[in-house]
Amino acid sequence: MFEFPVSTTIFGYPILYHTIFESLGIFLGSRYYWYLRKKQKTEKMDIIPVLVILIGATFGAYFGSHVLGAMENVPKWRETKYPVLFFLTNKTLVGGLLGGLIGVELAKKIVKEKRSTGDLFVYPLLLAMIIGRLGCFSAGIYEETYGIPTSLPWGMDLGDHIYRHPVTLYEVICLIAIWIILTQIKKKYELKSGDLFKLFMIFYLLFRFLLDFIKPGWRYFLGLGSIQIACLLGFLYYNRFILKLKNKLHL
């Protein structure tokens with residue numbers, strides 16, 4: 001159906017769809033954030049603290065993404081002749097989210113901002129991630145976001161003539177489902193500031209923890225990879241909120 005990696009030609013130069021979709025996701029996600037901020041009815045933060053927090057989020061996401069991406073295969077990282085290049089060419093979304101979270105919290109301490117700032121990022125992040133994952137799908141096996149072989153009827157040949165789990169499409173479906181679920185929760189329940197972002201993170205980290213069981217990769221222990229361990233650390237960070245949510249829902 002597709003010849004992976006899928007590409008097009010612009011002004012005579014071949015351009016990967018992965019690059020186009022990744023750039024488009026970042027652009028539309030950022031534009032959506034500023035649109036929502038403009039529509040925000042609650043008291044807005046001054047522009048300087050906002051910019052400091054965005055810078056913190058950007059640098060945190062960058063380093064978190066590459067650190068966790070490189071840690072997905074530590075033996076290969078150790079063996080390579082170009083460890084810096086290996087670090088720069090490997091990245092992961094979970095590392096970006098958790099690194100961005102750390103960057104935001106540090107930036108908020110610098111500007112002495114105690115209000116929660118995460119809720120406004122939720123839907124722009126979802127939009128950017130959905131578009132970006134479509135780009136990852138277009139890369140097939142040439143971008144390390146493919147699944148293990150499967151005999152299920154929806155398995156797909158992603159470029160190596162082996163039918164695999166199309167995990168990027170699973171993720172797109174999950175992200176759309178998270179968007180719908182969060183919208184419904186927001187309508188039915190009175191959420192405190194910051195709760196929407198916490199719910200987004202918990203839902204996504206849970207999904208990624210489970211998804212990585214059907215993705216190939218180097219494992220640390222108990223069959224867990226670096227992304228799954230990072231997800232568990234994320235659950236630990238949100239443990240108080242999870243317990244409060246459990247008690248509130250009488251689970």
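The values are calculated or read from the model by the stated rules, or taken from the named source; none is laboratory data. Note that the structure is a prediction, hence the values are computed from the model and not measured. Note that we place each Cβ from the backbone using ideal geometry, even for glycine, and neighbour counts take in every protein chain shown. In case anyone asks, the SASA skips ligands and DNA or RNA and just uses the protein heavy atoms, side chains included. Shrake-Rupley method; radii C 1.70, N 1.55, O 1.52, S 1.80 Å.
What figure in square angstrom, to the nearest 10, would you give for the accessible area of TRP154 with a 1.4 Å probe?
Only protein atoms counted, so the area is about 130 Å².
With all protein chains present, calculate the accessible area of TYR82 using a 1.4 Å probe and round the result to the nearest 10 Å².
150 Å²
Could you check the simple spin-label distance between LEU51 and LEU28, using points 7 Å along Cα→Cβ, in nm with one decimal?
Modelled inter-label distance: 2.9 nm.
Ratio of alpha-carbon Rg to the 2.2 N^0.38 Å globular estimate for the range 165-215, to two decimals, please.
1.27
Please identify the longest segment of the chain free of exposed GluC sites (Glu not before Pro), where exposed means a DSSP state other than H, G, I, E or B and no more than 10 other Cβ atoms within 10 Å. Could the numbers behind the result be given before it?
Details: sites that count: GLU3, GLU43, GLU190.
No qualifying site falls inside 44-189, the longest such stretch.
For the range 111-206, what are the per-bin percents of Cα-Cα distances with bins 10 Å wide, up to the bin holding the maximum?
Histogram of Cα-Cα distances, whole percents per bin: 15, 37, 25, 16, 6, 1.
If you roll a 1.4 angstrom probe over the protein chains with everything in place, what fraction of the accessible area of the range 10-138 belongs to carbon and sulfur, to the nearest %?
Numbers: 5370 of 7890 Å².
Answer for the range 10-138: carbon and sulfur cover 68 percent of the accessible area.
Give me, ordered by chain and number, the residues 5 or more places off ILE15 or on other chains with an amide H under 5 Å from its own placed amide H.
For ILE15, whose amide H was placed from the backbone, the distant partners under 5 Å are THR8, THR9, ILE10.
Where a Cα-Cα gap under 29 Å defines reach, which lysines qualify for LYS188, not counting those fewer than 8 residues away within the same chain?
Hits, sequence-local ones excluded: LYS38, LYS39, LYS41, LYS44, LYS114, LYS198, LYS244, LYS246, LYS248.
If R0 is 51 Å, what FRET efficiency do you get for GLU105 and SER151 from their C-beta distance, rounded to 0.05? Present the calculation step by step, with values, prior to reporting the outcome.
Values: r = 45 Å, r/R0 = 0.87.
Working from the Cβ atoms, E equals 0.70.
From Cα pairs below 8 angstrom and at least 6 apart in sequence, can you work out the relative contact order of the range 161-251, rounded to a whole percent?
Working: 38 pairs, mean separation 22.9, N = 91.
Relative CO of the range 161-251 lands at 25 percent.
Which order do THR117, THR58 take by accessible area at a 1.4 Å probe, largest first?
Details: THR117 25, THR58 90 Å².
From most exposed to least exposed: THR58, THR117.
First measure r as the distance between the Cβ atoms of ARG78 and LYS39, then evaluate 1/(1 + (r/R0)^6) with R0 = 45 Å and state the FRET efficiency to the nearest 0.05. Each step should come with its number before you reach the end.
Numbers: r = 49 Å, r/R0 = 1.09.
The computed FRET efficiency comes out at 0.35.
Taking 0.36 nm per residue of separation and subtracting the Cα-Cα distance, what length does fully extending ILE242 through LEU191 add? Don't skip to the end; give the middle numbers.
Values: separation 51, 0.36 × 51 = 18.36 nm, distance 1.39 nm.
Using 0.36 nm per residue and subtracting the Cα-Cα distance, I get 17.0 nm.
When only Cα pairs under 8 Å and 6 or more residues apart are kept, what is the percent relative contact order across the chain? Working shown, then result.
Details: 326 pairs, mean separation 55.2, N = 251.
Averaging sequence separation for qualifying contacts and normalising by length gives 22 percent for the chain.
Within the range 176-238, what whole-number % of the accessible surface is contributed by carbon and sulfur, with the 1.4 Å probe and all protein chains included in the calculation? Can you show the working numbers first?
Working: 2430 of 3440 Å².
That fraction is 71 percent.
For the range 175-246, with only Lys/Arg (+1) and Asp/Glu (-1) charged at the beta-carbon, what is the dipole magnitude about the Cα centre, in debye rounded to 20? Please report the intermediate quantities before stating the final value.
Values: 11 positive and 3 negative charges, 42 e Å.
Its charge dipole is roughly 200 debye.
Charges only on Cβ, +1 for Lys and Arg, -1 for Asp and Glu: so what's the dipole of the chain about the Cα centre, in debye to the nearest 20? Mind dumping the intermediate values first?
Numbers: 29 positive and 17 negative charges, 270 e Å.
In debye, rounded to 20, the chain gives about 1300.
Tell me whether the range 45-157 comes out rounded, prolate or oblate; compute the Cα gyration tensor, take square roots of the eigenvalues as a ≥ b ≥ c, and use a/c under 1.5 as the rounded threshold.
Details: a/c = 3.17, a/b = 1.58, b/c = 2.01.
Here the range 45-157 falls in the oblate category.
Provide the per residue accessible area, probe 1.4 Å, for the range 1-124, rounded to a whole number of square angstrom. Each step should come with its number before you reach the end.
Details: 8300 Å² over 124 residues.
That works out to 67 Å² for each residue.
Provide the three semi-axes, in whole Å and in decreasing order, of the ellipsoid equivalent to the chain as defined by the square roots of 5 times the Cα gyration tensor eigenvalues.
Details: eigenvalues 189, 94, 81 Å².
Here the semi-axes work out to 31, 22, 20 Å.
Along the charge dipole of the range 106-251, pointing to its positive end and built from +1/-1 on Cβ of Lys, Arg, Asp and Glu, which listed residue (GLY155, THR183, VAL111) has its Cα farthest out?
Highest projection toward the positive end goes to VAL111.
Return the whole-Å distance between the Cα centroid of the range 15-55 and the Cα centroid of the range 171-192.
Cα centroid of the range 15-55 versus Cα centroid of the range 171-192: 20 Å apart.
Got a sec to turn the phi values of the range 88-97 into Karplus ³J(HN,Hα) couplings, 6.51 cos²θ - 1.76 cosθ + 1.60 with θ = phi - 60°, whole Hz, x for Gly and Pro?
6, 9, 10, 8, 8, 5, 4, x, x, 5
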